[in-house]
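Peer 1: Let me give you the structure first, and then I'll get to my questions.
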Amino acid sequence: MEQNADLRPIAHEKYRILGPKAYVAMWWGDAVMVGSFMLGSSLIPPFGKLNLTQAFIALILANILAALLFALNGRVGWKHGIPMVVQLRSSFGPVGSRIPALMRAVPALFWYGVQSWLGAQALNQVFMGLIGFDNVWVWFFAFQALQIFLSAKGIQSIKWIEIVGSVIIMLGVVYLIFLFLSTFGFEVEKVANTEGSWGIPFWLAMTVLIGQFAALLINISDYTRYFPGKSSAGTFVGAHVVGIVPPMILLPFVGILGAAAVGVWNPVDIISNHISNVAASIIVLIFIALAQVTTNLVANIMPPVLVAMDLFKISWEKACVIVGVLGVVTCPWFIMTDSLFLTFIAVVSAFLGPIFAIMVADFYFIHKGNYNVAPLYEGKLFTAFKGWNPAAIIATIVGTSLAFINVELSWFLGLIPAALVYVVLMKTWIMKHEQYVREGFNQTFRHSAPLKREEAS
């Protein structure tokens with residue numbers, strides 16, 4: 001059985017500490033991602049081909065769809081209390097699950113570094129204006145040290161930081177939009193009057209907007225396992241819609257304003273070079289710096305930490321330190337460019353789209369929406385295949401290959417083929433294999449109850 005307490009199932013309500021309000025606050029705190037600014041700017045001229053109306057409709061539709069997809073895959077964690085690294089064992093096998101887990105963890109490390117670098121840039125600008133101190137490296141390493149300390153305190157610490165931070169962040173976003181509109185209002189009107197396109201550029205924009213969630217969609221159970229099990233399905237889905245849609249419309253809008261006004265997507269650069277109001281600049285820069293901490297604590301630290309705990313059998317605290325150090329090694333100062341960011345998101349989506357499809361297909365079509373949790377922790381699944389599920393590996397290869405036909409549409413292209421291949425292979429091959437039937441995982445899941453946290457020891 002699983003020895004690490006942080007990977008065990010969470011069934012008791014007293015451990016489900018992220019109620020609907022706290023859960024929404026967590027997503028609001030997570031919302032201020034550098035990728036959101038970048039993606040907003042990529043929708044309209046000079047970077048994209050949509051006008052403001054089309055950009056807003058794309059944002060609304062993409063984020064509603066993303067929220068529903070989060071709830072779809074997040075039901076596993078909500079129902080069974082298991083994290084991503086355990087959920088993947090059902091579809092990829094106890095050994096094979098390490099591959100998709102690493103595919104989720106590596107992008108998180110890069111985002112971790114990038115968010116920290118953006119926060120360090122913001123702090124550096126603040127102290128340049130206040131006392132003339134200019135050294136972004138000092139703030140970058142200080143940023144990492146602070147985040148390692150906060151994350152090592154565990155989910156309770158993360159919860160309260162996110163709740164307090166979300167209020168400040170949403171106020172800061174509204175103020176940032178007001179500041180940009182009052183400063184660059186005329187330039188923004190020019191973009192609103194462009195013709196735009198409802199064709200391929202619109203659907204490419206939808207793909208990229210959903211693709212930004214490709215990694216989070218994989219490990220959503222890491223968060224939903226803390227959502228109260230007694231809540232209704234409507235509350236569960238509604239928490240995702242309220243938590244994701246409003247901030248993920250407002251944040252790209254900041255990028256849209258920057259692109260329309262001065263052709264720059266990074267708000268730190270815009271404030272540093274184009275806004276003369278020192279007091280306003282300092283307020284916004286401090287808000288941006290704080291937002292990077294709340295984003296990293298949720299989206300970019302927890303996934304690689306849980307993966308490290310699973311792979312190396314280490315404690316949460318040790319994993320937080322290791323992940324913090326690796327976040328520096330990603331060299332975010334090199335990858336924070338327009339072209340690299342878009343390429344990075346598209347390539348990651350090509351791999352993660354099929355993995356997401358396989359996870360959903362496994363839970364809903366193979367196991368009918370209910371896992372037998374105990375075998376997932378015993379490590380005895382797919383023994384005939386040495387702990388690998390070849391159906392999942394083959395489906396991932398097929399889906400990823402098709403996704404690379406058009407990298408800009410990668411996330412959508414890989415979904416359905418990967419799911420279809422996986423279901424067909426499972427039902428015609430794996431589930432009929434004598435050893436798989438003997439293991440009983442495909443026979444007992446309908447009658448099993450969630451494994452309680454204290455029963456896993």
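The values are calculated or read from the model by the stated rules, or taken from the named source; none is laboratory data. Small disclaimer: the values here were computed from a predicted structure and weren't measured. FYI the Cβ positions are ideal-geometry reconstructions off the backbone, even for glycines, and counts take in every protein chain you see. Ligands, DNA and RNA are stripped out before the accessible areas are found, and what is left, the full protein with its side chains, is counted by its heavy atoms. Shrake-Rupley method; radii C 1.70, N 1.55, O 1.52, S 1.80 Å.
Peer 1: Please enumerate the residues belonging to segment 230-265 that are open to solvent by 10 Å² or more (accessible area, probe 1.4 Å) and not hydrophobic (A, V, I, L, M, F, W, C).
Peer 2: Residues satisfying the conditions are K230, S231, S232, G234, T235, G238, P246, G263.
Peer 1: To continue, here is another question. If a residue has to be of a type in the set (D, E, K, R) and closer than 21 Å to W411 by Cβ to count, how many in segment 212-238 make the cut?
Peer 2: 1
Peer 1: From the set of residues in segment 200-229 that are open to solvent by 10 Å² or more (accessible area, probe 1.4 Å) and outside any helix (DSSP H, G or I), which is farthest from F110 (Cα to Cα)?
Peer 2: G229
Each row is one residue, and each column tells you yes or no for (1) hydroxyl-bearing (S, T, Y); (2) farther than 25 Å from V347 by Cα; (3) within 24 Å of the chain's Cα centre (by Cα).
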position: E378; (1), (2), (3): no, yes, no
position: L381; (1), (2), (3): no, yes, no
position: A395; (1), (2), (3): no, no, yes
position: V398; (1), (2), (3): no, no, yes
position: L415; (1), (2), (3): no, no, yes
position: L420; (1), (2), (3): no, no, no
position: T428; (1), (2), (3): yes, yes, no
position: K432; (1), (2), (3): no, yes, no
position: V437; (1), (2), (3): no, yes, no
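Peer 1: Moving on to the next point. Is at least one residue of segment 351-366 closer than 22 Å to P83 by Cβ, modelled with pLDDT under 90 and outside any helix (DSSP H, G or I)?
Peer 2: Within segment 351-366, not a single residue is closer than 22 Å to P83 by Cβ, modelled with pLDDT under 90 and outside any helix (DSSP H, G or I).
Peer 1: Given the options W265, W333, name the one that is of a type in the set (A, V, I, L, M, F, W, C), modelled with pLDDT under 80 and assigned to a loop (DSSP other than H, G, I, E, B).
Peer 2: W265
Peer 1: Against the condition buried (at least 24 other Cβ atoms within 10 Å of the Cβ), touching a residue at least 60 places away in the same chain (Cβ under 8 Å) and more than 13 Å from I10 (Cα to Cα), how does V114 come out, does it pass?
Peer 2: Taking the combined requirement at face value, the residue satisfies it.
Peer 1: Considering only helices (runs of 4 or more DSSP H) fully contained in segment 27-111, which possess at least 2 residues that are under 30 Å from L285 (Cβ atoms) and open to solvent by 10 Å² or more (accessible area, probe 1.4 Å)?
Peer 2: Qualifying helices (runs of 4 or more DSSP H): 52-80.
Peer 1: Right, A11: open to solvent by 10 Å² or more (accessible area, probe 1.4 Å) and farther than 18 Å from I210 by Cβ or not?
Peer 2: When the stated conditions are applied, A11 passes them.
Peer 1: Ok, one more. Condition first: under 21 Å from the mean Cα position of the chain (by Cα), closer than 18 Å to Q292 by Cα and either without any contact (Cβ under 8 Å) to a residue 12 or more places away in the chain or surrounded by fewer than 24 Cβ atoms within 10 Å (Cβ to Cβ) (or both). Can you find one or more residues in segment 123-138 that meet it?
Peer 2: There is no residue in segment 123-138 that is under 21 Å from the mean Cα position of the chain (by Cα), closer than 18 Å to Q292 by Cα and either without any contact (Cβ under 8 Å) to a residue 12 or more places away in the chain or surrounded by fewer than 24 Cβ atoms within 10 Å (Cβ to Cβ) (or both).
Peer 1: For segment 85-122, give me each residue that is modelled with pLDDT under 85 and over 21 Å from the mean Cα position of the chain (by Cα).
Peer 2: Within segment 85-122, just A122 meets the criteria.
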